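The values are calculated or read from the model by the stated rules, or taken from the named source; none is laboratory data. A quick note: this is a predicted structure, and the numbers were derived from the prediction, not measured. Cβ atoms come from the backbone with ideal geometry, glycine included; neighbour counts cover every protein chain shown.
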Amino acid sequence: MNFEKKLKIQLACGILWICLGVLACVAAFSGKVSSGYPFTYCAGTGGGLIATGFIQIIKSIRLLKNESLRKKEKIRLYDERNIFIQKQIYSLHSLFSLVLLYVATLWAALQRPELLIPFLLLMLADVALLFLAAIYCNIRNSCE
Amino acid sequence: MKTRIQELRKQRKLSQEELANHVGVTRQTITSLEVGKYTASLLLAHKIAKFFGMTIEEVFLFEEEDES
C-alpha cells in the first residue's frame, strides 16, 4: 500500500472516530447512561475520540496537500532508527502500564476492603504479567 | 561502529540532509551513524555504500570489539 493511500485511510478513520465520539457524547449527555462511572466513561471516551479524529484529519489533509511535507513524513515514518527507538519505547510503555495497573489495583483494594481478595488475585495476575513482560524484554534484548 | 561516512560526505561536499534524502533516512540517523551511536542495518549500509560507489567494508569499519 502506498503512503498516499494510507493517508486517505487515516482521513476516513478520523471521520469515523469523530462520529463514534459524537455518539458516545450524545449517549452520555442525553441521560441514557446512568450518572457516575458510565457517564464519565462515555463522556471521556467521546471527547477523546473527537479530539483524536480532528487531529488525524488535520494531519492527513496537511500531508495530502503538501508533497514535500509528505516526502519528509514518509522518511520520518520509515526511518530504521526511528522504528528501532519506537520498538524500545513500546516495551518500556508496556512495563510502565503494568506497574500503573498494579498501583491502581492496590489503591482500589485499600479503598474497598470487602474487595480485597479479588483485588489481591488481580495483583498476583499483574505480577505474573510483569514477570512475563520482563522475561520477554530480556530475551529480546539479548537477541538484538 | 566506526564509519567513513562523514569523511566521504565532506569529500563530495554534501550536507547530512542531502545524504539522508538520497538514502531515504532522516538527518538524525546520518548524524548517529557518523558519531557511531547507531549501527546501520545491512540494507542501509548497502544503500550508503552504493551511493558512495564503494563496498560496505570500505565505508563501515568493522572491528573485533564490535562483536561484543
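Considering A:Lys87, A:Lys74, the condition of being within 14 Å of chain B (Cβ to nearest Cβ) and in contact (Cβ under 8 Å) with a residue 24 or more places away in the chain is satisfied by A:Lys74 alone.
For every residue, the table says whether it meets (1) surrounded by 13 or more Cβ atoms within 10 Å (Cβ to Cβ); (2) of a type in the set (Ser, Thr, Tyr); (3) touching a Phe, Trp or Tyr at 6+ places or on another chain (Cβ under 9 Å); (4) modelled with pLDDT under 85.
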{"site": "A:Ser35", "(1), (2), (3), (4)": "no, yes, no, yes"}
{"site": "A:Thr52", "(1), (2), (3), (4)": "yes, yes, yes, no"}
{"site": "A:Ile55", "(1), (2), (3), (4)": "no, no, no, no"}
{"site": "A:Ile117", "(1), (2), (3), (4)": "no, no, no, yes"}
{"site": "A:Leu121", "(1), (2), (3), (4)": "no, no, no, yes"}
{"site": "A:Asp126", "(1), (2), (3), (4)": "yes, no, yes, yes"}
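For A:Leu11, are the conditions met, namely being surrounded by 14 or more Cβ atoms within 10 Å (Cβ to Cβ) and more than 14 Å from every other protein chain (Cβ to nearest Cβ)? Yes.
Here's the yes/no breakdown for (1) aromatic (Phe, Trp, Tyr); (2) under 27 Å from B:Asn21 (Cα atoms); (3) in contact with a helix residue (DSSP H, G or I) (Cβ under 7 Å, 6 or more places away or on another chain):
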position	(1), (2), (3)
A:Lys8	no, yes, no
A:Leu11	no, yes, yes
A:Trp17	yes, no, yes
A:Leu23	no, no, no
A:Ala28	no, no, yes
A:Gly31	no, no, no
A:Gly46	no, no, yes
